[in-house]
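The values are calculated or read from the model by the stated rules, or taken from the named source; none is laboratory data. As the structure is a prediction and not an experimental result, all values here were calculated from the model. A quick note on method: Cβ atoms are made from the backbone with ideal geometry, for glycine too, and the neighbour counts reach across all protein chains shown. For accessibility, only protein heavy atoms count, side chains too; no ligands or nucleic acids. Shrake-Rupley method; radii C 1.70, N 1.55, O 1.52, S 1.80 Å.
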Number of protein chains: 2
Amino acid sequence: MADVAERAGVSAITVSRALHHPDRVSERTRAAIDAAIAELGYVPNLLAGGLASTNTRIVSMIVPYVTHGVFADAIQGASDAFDDTGFSVLLGNSGGSPQREETIVRNLLGHRPAGVLVQGANHTEATRRILQNAAVPVVEMGTLPARPIDMAVGYSNHEAARTMTRFLALRGRRRIAFVSVPPAENDRANERLRGFKLALEEMDLAFFPELVFHTRYGIPEGREALAYLLDRPEPPDAVFCASDLWAYGMVSECARRGIKVPDDIAITGFNDQELASETEPGITTIRVPRYEIGRVGGELIMKRIEGLAADKVVDLGFKLIERGSA
Amino acid sequence: MADVAERAGVSAITVSRALHHPDRVSERTRAAIDAAIAELGYVPNLLAGGLASTNTRIVSMIVPYVTHGVFADAIQGASDAFDDTGFSVLLGNSGGSPQREETIVRNLLGHRPAGVLVQGANHTEATRRILQNAAVPVVEMGTLPARPIDMAVGYSNHEAARTMTRFLALRGRRRIAFVSVPPAENDRANERLRGFKLALEEMDLAFFPELVFHTRYGIPEGREALAYLLDRPEPPDAVFCASDLWAYGMVSECARRGIKVPDDIAITGFNDQELASETEPGITTIRVPRYEIGRVGGELIMKRIEGLAADKVVDLGFKLIERGSA
DNA sequence: CTGAAAGCGCTAACAG
DNA sequence: CTGTTAGCGCTTTCAG
């Protein structure tokens, strides 16, 4: 910056001002500075700027996996929200472990981000404390936490699961299976299970522990889940899948086995990914605002950075998409 | 850090050493410092550290889209490569535009990353210059550029497309259609088209401009492409899809229309995404090292940061996966 | 509209 | 093994 200043015949602070508040600098000096910057290929050192101003253009974002379509969409949403603001996303992925999340949060906060976006509300107590003390806007994404760290944007996994389960019950289903990841790992999964159980209770249906199947994400895993469930002494007449991938595997496996969906068995998904409309019949599922969660999360952060008031908890809702598999 | 030093009864530099070179500090003072850090909840300011040492633990990564599975895998790979190193990924997404990429590169370099990972080799001249002058390791991912900026990791899109096209020709296909994004946008697409044309020539087959279809990524777009191609006066006997999504749409559309794959028409994909094995018949496609590209890219950066020699260009190869659709 | 001085929080280099 | 000094490149504050 000193070089630029010298070449433009001004002091460093004037260069700084030309960069951040072009209107506070005369047109002539600004032109000279711009020319000098271009000639020298000057790239401002954001570390120095951030240090001096205690004020960066970094937003940290922590997700469990980048490869899971739901989170990739959220990252894209946040990234888009920062378009043309000069803000960038500093990414961390926790692999779904609150312990790793804590390590990552600690590390990412070292970069003094202007805000933090974090997936879910399942944090260690230390993570909560650290984030609260960080004195930057924090958005928890994807759920509506009872006790938000700061802000949150998402939808109610509990209500979504409840809605879907009631839908199945109202269609006359009596033995509803539940397929999910191990709930200990994952607060979304927990919420969905709670909503599922509540709906069963409300509809006077029994909960069958032997019809609960935990597995990893994936289409083949859906097939395995179906095989397992059909092997029970009393198989289910419906399956609530907590992800479309499993539902896809099941519907395609049913086609292969000649099992009629939804006549013989109803199958529902979750997330409404691109796949969900590709089976025959299409998968009845819950559409969630994957991209919008990241986008609105980013916007909430930006609002607060600009000193504006921002909502504490934004419920983006969900939608039951009926396609034929239930 | 001053507070920590005071509380531990040492100077700031000793705290710094305890953090970065624990073995250069006596066990007692280290314990005292660790205690002080824990009590105070001290989070080191990486901006100050980076400024003082001209040495950050940030690696910038620029991809066209986060939501495209291929790039999401690469991000995950790079992120995993940095596990337990304290390095983080600073993400930029260009939307596929070299012009936007230039803006992003400029911005991300301001954070003085220790390395840069960038998708593809299709950059503006200014981007090339800026990256070369940045004096940090740079890895171009996903292609094997003729004129790499610094390092590269990927596979030959040209050879992959050529291999697949020859495969179709050897199976007796004569009128091979080509479905891709508009090539101007995208160097991978360009490379694939070149490989496709070369193979046609080698196999004494004609290239039919009317059998080239450009569209966006997506399953429905695959269906549209198929409809278009079947509507030609002389329809193709094979379709080379530059992405599995289109191939998926086509194979499922063929099933719907009662067209026999591969007897009536052969269909091939590219990337080997999860979908590719889900159609009936499965999609014959090119498996590319999506995750490994990010992973190895990250490792190359790390090697160079550690002062080790690193390969200039790493060819991770590709593999033709034969599944039945061709 | 422009500048001088001071300092952001840390680490390199040198000393002891 | 520990400390002192100086300075990284920028912005804040206060002047002019």
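What the table below lists for this structure:
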| quantity | calculated |
| --- | --- |
| Any hit, region A:217-227, residues being in a loop (DSSP other than H, G, I, E, B), within 13 Å of chain B (Cβ to nearest Cβ) and either over 15 Å from A:T284 (Cβ atoms) or open to solvent by 60 Å² or more (accessible area, probe 1.4 Å) (or both) | yes |
| Qualifying positions in region B:63-85 - among the aliphatic types (A, V, I, L, M) and either surrounded by fewer than 22 Cβ atoms within 10 Å (Cβ to Cβ) or in contact with a Lys or Arg (Cβ under 8 Å, 6 or more places away or on another chain) (or both) | B:V70, B:A74, B:A78, B:A81 |
| Residue satisfying all of: in region B:52-89; assigned to a strand (DSSP E or B) and of a type outside the set (G, A, S); nearest to DNA strand D (Cβ to nearest atom) among these | B:I58 |
| Residues of region A:19-51 classified as outside any loop (DSSP other than H, G, I, E, B), more than 9 Å from chain B (Cβ to nearest Cβ) and within 16 Å of DNA strand D (Cβ to nearest atom), total | 15 |
| Complete set of residues in region B:90-102 that are more than 14 Å from the chain's Cα centre (by Cα) and not in a helix (DSSP H, G or I) | B:L90, B:S97 |
| Any chance A:A18 is at pLDDT 90 or above and touching a Lys or Arg at 6+ places or on another chain (Cβ under 9 Å) | yes |
| Criterion violated by B:I293 - all others in (1) at pLDDT 95 or above; (2) open to solvent by 30 Å² or more (accessible area, probe 1.4 Å) satisfied | (2) |
| Within region A:68-92, tally of residues that are facing chain B (nearest Cβ under 8 Å), at pLDDT below 95 and touching a helix residue (DSSP H, G or I) at 6+ places or on another chain (Cβ under 7 Å) | 1 |
| Set B:A169, B:A206: member being part of a helix (DSSP H, G or I) and assigned by TED's automatic domain parsing to the domain that holds B:C241 | B:A169 |
| Residue among A:L51, A:L46, A:L19 that alone is open to solvent by 20 Å² or more (accessible area, probe 1.4 Å), within 13 Å of DNA strand C (Cβ to nearest atom) and under 25 Å from B:S79 (Cβ atoms) | A:L46 |
